[in-house]
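*Asks:* Below is a structure I'd like to ask you about.
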Amino acid sequence: MTAVEPRDAGETVLPPDHSVSVVIPVYQGELTLEALLAEIEPFTAPQISRDGHSYAVTEVLLVFDNGRDGSPASSASCGDCTPSSARSG
């Protein structure tokens, strides 16, 4: 799916028809998390799909396996994110 550019700033923006939750399994987040969240951020504003449906990312869940990497520290610095923690196995 390719997003269509947002409309002019002067136009009224209606709430999106669809809310999208993104679930990210995090491994070695200190290497990848900041860049990944930066890629997702533009989609938090209402977008229009090629089929004409409006959507926006309204939630990002970070899922950890409680490994010994630096992922928890990386998530603490990501600002508005509220990571979810899960154990595997």
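*Asks:* Going by average Cβ density within 10 Å per residue, which order do the peptides 50-58, 21-29 take, highest to lowest?
*Replies:* Top of the packing list down: 21-29, 50-58.
*Asks:* Sticking with this structure for a sec: Sort 33-39, 14-20 by packing, meaning the average of other beta carbons within 10 Å per residue, with the highest value first.
*Replies:* Descending packing order for the listed peptides: 33-39, 14-20.
Each reported figure results from applying straightforward, stated rules to the coordinates on display, with no laboratory input. The structure presented is a predicted model; accordingly, all values stated were derived computationally and were not measured. Cβ coordinates were reconstructed from backbone atoms using ideal geometry, including for glycine residues, and neighbour counts include every protein chain displayed.
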